[in-house]
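Undergrad: I have a structure here, written as structure tokens, and I will follow up with some questions on it.
The values are calculated or read from the model by the stated rules, or taken from the named source; none is laboratory data. As the structure is a prediction and not an experimental result, all values here were calculated from the model. Cβ placement follows ideal geometry from the backbone for every residue including glycine, while neighbour counts extend to all protein chains displayed.
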Amino acid sequence: MDSFSSRVVLVLLLSFFCSSICASANFYRDFEITWGNGLAKVLNNGELLTLSLDTNSGSGFQSKNEYLFGKIHMQLKLVPGNSAGTVTAYYLSSKGPTRDEIDLEFLGNLSGDPYILHTNIYTQGKGNREQQIYLWFDPTADFHTYTILWNPQRIILYVDGTPIREFSNMESINNVSFPNKQAMRIHSSLWNADEWATRGGLIKTDWTQAPFTASYMNFNAVNACVWSYSSAPSSFHCEKAWLGEDLDSSSIERLKWVQRNYMVYNYCTDTKRFPKALPPECSFTKTS
């Protein structure tokens, strides 16, 4: 069976053996607090959540369900003021040493400096695919939407609808593994990482500014295939247009604009890190 036929079969199987969240949802139905000693708070009947970090602990939550592919939006308002040393993470992750993971990590800053959005993609336990951009707005002044599109062909990361990164499925081209076999949960956390987060760890967390707080809202924006370990057919019949979603010409130009003006680091251009040859997936990109 060729790669195109395999993708068609996979999409059809997803329609039968996964279910999509399409109904209105709130935090209580689809998420749960996983750690934080009371520093994670659910407000307004599940419509708003805050994560906080102090000298004792950070905090975090995760989805109750596991997903295999989806288009997942999260609305965040990041830690204001001097947040240097803190990291607000929003990511998908499977379990175990050979985990798959799609990371968006917001690196705190000194007051007035731009936030850095650090992204990485793990497949079968292997990461080392870091990219970093400056956000072109103040992410602490209001809520902004951060989207992970994950379908059988590609991963696309968006900020307010603008693509900032694409990672394509190239297993059939150059044997680069792609996260398409392990179900993942949605996670988010706020934690201290001042050993590396701000200017490589040069700027430490100012605990006089604690507690640090990030806010989340609109938990009804998950459109994803819920992984089931049974073979029961889906009881939902929602449109899954995202299963074949790709970047059009306008979106490619927007992606180029972001990378041209706001890219801080790209592993695909780091010849010092990869002196013999860049990773093979770096040769296959719409922005090259």
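Undergrad: Kindly evaluate Phe143 against the criterion of being surrounded by fewer than 21 Cβ atoms within 10 Å (Cβ to Cβ) and touching a Lys or Arg at 6+ places or on another chain (Cβ under 7 Å).
TA: Criteria met by Phe143.
Undergrad: Check off (1) out of contact with any Asp or Glu (no Cβ under 8 Å at 6 or more places or on another chain); (2) surrounded by fewer than 21 Cβ atoms within 10 Å (Cβ to Cβ); (3) modelled with pLDDT of 95 or more; (4) of a type in the set (S, T, N, Q) for Ser59 and give me the number that stays unchecked.
TA: So Ser59 meets the others, but not (2).
Undergrad: Just for the range 270-281: of the residues that are more than 20 Å from the chain's Cα centre (by Cα) and touching a residue at least 12 places away in the same chain (Cβ under 8 Å), which one is surrounded by the fewest Cβ atoms within 10 Å (Cβ to Cβ)?
TA: Pro280
Undergrad: Going residue by residue through the range 111-126, is there one that turns out to be more than 14 Å from the chain's Cα centre (by Cα) and of a type in the set (Phe, Trp, Tyr)?
TA: yes
This table checks each residue for (1) over 14 Å from Phe219 (Cα atoms); (2) in contact with a helix residue (DSSP H, G or I) (Cβ under 7 Å, 6 or more places away or on another chain); (3) in a loop (DSSP other than H, G, I, E, B); (4) not β-branched (Val, Ile, Thr).
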position	(1), (2), (3), (4)
Ser52	yes, no, no, yes
Met74	no, no, no, yes
Val79	yes, no, yes, no
Asn82	yes, yes, yes, yes
Val87	yes, no, no, no
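Undergrad: Right, Thr147: farther than 24 Å from Asn180 by Cβ and modelled with pLDDT of 95 or more or not?
TA: Numbers: farther than 24 Å from Asn180 by Cβ: no; modelled with pLDDT of 95 or more: yes.
In short, no.
Undergrad: While we're here: Can you name the residue in the range 181-195 that is more than 19 Å from Thr147 (Cβ to Cβ) and among the polar types (S, T, N, Q) and is also surrounded by the fewest Cβ atoms within 10 Å (Cβ to Cβ) among such residues?
TA: Gln182
Undergrad: Restricting to strands (runs of 3 or more DSSP E) lying wholly in the range 105-184: which have 2 or more residues that are of a type in the set (S, T, N, Q)?
TA: In the range 105-184, the matching strands (runs of 3 or more DSSP E) lie at 116-122, 131-134, 144-150, 162-168.
Undergrad: So, in the range 196-249, how many residues would count as being modelled with pLDDT of 75 or more, hydroxyl-bearing (Ser, Thr, Tyr), outside any strand (DSSP E or B) and surrounded by 12 or more Cβ atoms within 10 Å (Cβ to Cβ)?
TA: 3
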